[in-house]
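The values are calculated or read from the model by the stated rules, or taken from the named source; none is laboratory data. From a predicted model like this one, the values you see are computed outputs, not experimental measurements. Cβ sites come from the backbone with ideal geometry, for glycine too, and all protein chains shown count toward neighbours. These accessible areas exclude ligands, DNA and RNA; they are computed on the full protein's heavy atoms, side chains included. Shrake-Rupley method; radii C 1.70, N 1.55, O 1.52, S 1.80 Å.
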Amino acid sequence: APGTNGHPSPSLPYPAACGHHQHAGYRPKPALERQDSMSSSKRGSVVGRNLNRFSCFVRSGVEAFILGDVPLMSKIAETYCIEMGSRGPQWRANPHPFICSVEDPTKQTKFKGIKSYISYKLTPSNFNSPVYRRYKHFDWLYNRLLHKFTVISVPHLPEKQATGRFEEDFIEKRKRRLILWMEHMTSHPVLSQYEGFQHFLCCRDEKQWKLGKRRAEKDEMVGASFLLTIQIPTEHQDLQDVEDRVDAFKAFSKKMDDSVLQLTNVASELVRKHVGGFRKEFQKLGNAFQAISHSFHMDPPYSLDALNNAISHTGKTYETVGEMFAEQPKNDLFLMLDTLSLYQGLLSNFPDIIHLQKGAFAKVKESQRMSDEGRMDQEEADGIRKRCRVVGFALQAEMNHFHERRVADFKRMMQSYLRQQIVFYQRVSQQLEKTLRMYDNL
């Protein structure tokens, strides 16, 4: 079953619980571990485990992290910092920002033509030398991202398709959506710095590509261990205030998800009408005008060629307008649907991520209650609260980044749609004005 962000997780709550010691009461302790997670002999008691092994809080390993069961590595090569901004915690910006183009989808073959695939030309601005990647390479990267970044909403890849993979419309649609996916990846302060992503964008040598893939697949700082790489601010945050803020974002994201789905349905129906219904109706109107013109030719002494030709031209104009309607979604509605699809994926990740925070809050409250009752050392309760702060800061930073991107993306989407609508109706208007002038000198 999929875990946080949809990725599979091991059935055991933490990687160390393997081998023949797998009964419920066993809690192996590594030689090197967090200072605030002392051995159980120093504890008055332990916080109860979540009995739902299918909970993403358990499967992702975040429960083990909160309880101090994730060992601190002797050396952590990567660090992701959270800072306090004007709107609360935020990821520290990538010190070397870049963008990456996705161009030229090209059909390739291998095994002497037995197997065919589409490759995409990627050109990162920080490397300025193109690499060529297949969809399966994107898919590999996506799964690495899901496995590693527990508390980050990783944008979904464009959907797979079993048939019609080489049809022009499908290839163009996938390219547009990969462009948006890449924009979100390069804009994210954490995802854009991930070594596996940089390898995906820059490696051109086949041997080095395979070595880099294996290195990424052996990465130990994934899932709950990724939380060890996060550095949080020293500012105090009241956990109840954080919980209130998370609840507000949860309500917002649910409402936005519903409204994005509604707009997607309306826009999809509009595309269908443009391509089918509108074109058909304008063709009917054009044919009716043509029929009037033909009827006026039936009695030559009273036939006025200028009027007949003008009416006939009007019919042809409306047929042209119908074709314009059929072509228009490529200019406006497709971009809207691409953007909405991306956000449907981003929003679908948040319930699981928020669930991680909720689970962490519950452990803090439980540990504090046990401490107050004298059944747990205050030091252990403080350690649980400290680790909960890491999850809380990470979620708030992710919420902050989501809102920042949302404002930019929806501004661009709406501006593009309205501009293209204006251009479209200006073109329709020009066609009609040109036709109208044919009646001026009758």
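When Lys and Arg each count +1 and Asp and Glu each count -1, what net charge do the other residues less than 11 Å away from Gln240, Cβ to Cβ, add up to? Walk me through the intermediate numbers first.
Numbers: positive: Arg245, Lys365; negative: Asp238, Asp241, Glu243, Asp244, Asp247.
So the environment of Gln240 carries a net charge of -3.
Please compute the net charge surrounding Gly392, taking Lys and Arg as +1 and Asp and Glu as -1 over other residues with Cβ under 13 Å from its Cβ.
Values: positive: Arg245, Lys358, Lys363, Arg385, Lys386, Arg387, Arg389; negative: Glu235, Asp238, Asp241, Glu243, Asp244, Asp247, Glu398.
Here the charged neighbours net out to 0.
Based solely on C-alpha atoms, express the radius of gyration and the Dmax of segment 256-437 in angstrom.
Computed over the Cα atoms of segment 256-437, radius of gyration and Dmax are 30.4, 111 Å.
Find how much the distance from Arg412 to Glu168 grows on full extension, using 0.36 nm per residue of separation minus their present alpha carbon separation; answer in nm with one decimal.
Numbers: separation 244, 0.36 × 244 = 87.84 nm, distance 2.59 nm.
That pair, Arg412 and Glu168, stretches by 85.2 nm at full extension.
Specify the residue with the greatest mean-square fluctuation among Ser295, Ser129, Ser367, computed from a Gaussian network of the chain linking alpha-carbon atoms under 10 Å apart.
Top of the fluctuation ranking is Ser295.
Counting only protein heavy atoms and a 1.4 Å probe, tell me what percentage of segment 111-218's accessible area is made up of carbon and sulfur. Intermediate results must be reported in sequence, preceding the final value.
Values: 2530 of 5290 Å².
Percent of accessible area from carbon and sulfur atoms in segment 111-218: 48.
What's the whole-number percent of alpha carbon pairs in segment 329-392 lying beyond 16 angstrom?
Working: 1229 of 2016 pairs.
Everything past 16 Å amounts to 61 percent.
When the accessible area of segment 256-437 is computed with all protein chains present and a 1.4 Å probe, what percentage of it is carbon and sulfur?
Numbers: 5190 of 9210 Å².
Exposed carbon and sulfur together represent 56 percent of the surface.
Please enumerate, by chain and number, the lysines with C-alpha under 20 Å from the C-alpha of Lys75, excluding those fewer than 8 residues away in the same chain.
Result set, ordered by chain and number: Lys29, Lys148, Lys218.
Report the gain in length on full extension from Lys358 to Glu269: 0.36 nm times residue separation, minus Cα-Cα distance, nm rounded to one decimal. Walk me through the numbers on the way to the answer.
Details: separation 89, 0.36 × 89 = 32.04 nm, distance 3.80 nm.
Result for the pair: 28.2 nm of gain on full extension.
What's the FRET efficiency of Thr320 with His96 using the Cβ-Cβ distance as r and R₀ = 45 Å, to the nearest 0.05? Write out the running numbers ahead of the final one.
Details: r = 50 Å, r/R0 = 1.12.
Working from the Cβ atoms, E equals 0.35.
Among the chymotrypsin sites (Phe, Trp or Tyr not before Pro) in segment 333-401, which ones are in a DSSP loop with at most 12 other Cβ atoms within 10 Å of the Cβ? Mind listing them? Before the final figure, lay out each step's value.
Details: sites: Phe334, Tyr343, Phe361, Phe393; in loops: none.
Passing both the DSSP loop test and the Cβ count: no residue.
Filter the DSSP H helices in the chain by two things, a Kyte-Doolittle mean of at least -0.5 and an axial alpha-carbon span of 30 angstrom or more, and list the hits by number.
In the chain, the long hydrophobic H runs are 239-272, 305-327, 333-372.
Do any trypsin sites (Lys or Arg not before Pro) in segment 206-241 lie in a loop, going by DSSP, with at most 15 other beta-carbon atoms within 10 Å of their beta carbon, and if so which? Don't skip to the answer; put the middle values down first.
Details: sites: Lys207, Lys210, Lys213, Arg214, Arg215, Lys218; in loops: Lys218.
When the trypsin sites (Lys or Arg not before Pro) of segment 206-241 are filtered for loop state and at most 15 Cβ neighbours within 10 Å, Lys218 remain.
Restricting to Cα atoms and excluding each atom paired with itself, what does the Kirkwood estimate give for segment 228-296 in Å?
Details: mean 1/r = 0.0568 Å⁻¹.
Result for segment 228-296, one decimal place: 17.6 Å.
At 1.4 Å probe size, with every protein chain present, just tell me what the per residue accessible area of the chain comes to in Å².
Numbers: 23220 Å² over 442 residues.
Using a 1.4 Å probe on heavy atoms only, each residue of the chain averages 53 Å².
Under 1.5 on a/c is rounded, so check that first for segment 100-235, then, if it is not, pick prolate when a/b is larger than b/c and oblate when it is not; a ≥ b ≥ c are the square roots of the alpha carbon gyration tensor eigenvalues. Kindly include the intermediate steps, with their values, before the conclusion.
On the way: a/c = 1.95, a/b = 1.71, b/c = 1.14.
In terms of gyration-tensor shape, prolate.
Name the most mobile residue of Ile230, Ile311, Ile99, meaning the one with the largest mean-square fluctuation, in a Gaussian network model of the chain with Cα contacts below 10 Å.
Ile311
What is the distance, in nm, between label points placed 7 Å from the Cα along the Cα-to-Cβ direction at Lys175 and at Glu159?
The answer from the label model is 2.2 nm.
Over the chain, one equal point on each Cα, no solvent: what is log10 I(q)/I(0) by the Debye formula at q = 0.11, 0.12, 0.13 Å⁻¹?
-0.94, -1.07, -1.19
Set the Förster distance to 30 Å, then compute FRET efficiency between Asn441 and Ser295 from the Cβ-Cβ distance, nearest 0.05.
Working: r = 23 Å, r/R0 = 0.76.
Given R0 = 30 Å and the Cβ-Cβ separation, E is 0.85.
Would you calculate a helix-derived [θ] at 222 nm for the chain, using -39,500 (n - 2.57) for each DSSP H run of n ≥ 4 and dividing by the full residue count, to the nearest 500? Please report the intermediate quantities before stating the final value.
Details: 11 runs with 237 residues, N = 442.
Estimated from H runs of four or more residues: -18500 deg cm²/dmol.
Checking the table Lys254/Lys365; Lys255/Lys411; Lys136/Lys363 against a 29 Å threshold on Cα-Cα, which pairs fail?
Details: Lys254/Lys365 26 Å; Lys255/Lys411 19 Å; Lys136/Lys363 40 Å.
Correct reply: Lys136/Lys363.
Among Leu333, Thr150, Asn287, which residue has its Cα furthest toward the positive end of the charge dipole of the chain, with +1 on Lys/Arg Cβ and -1 on Asp/Glu Cβ?
Looking along the dipole axis, the top candidate is Thr150.
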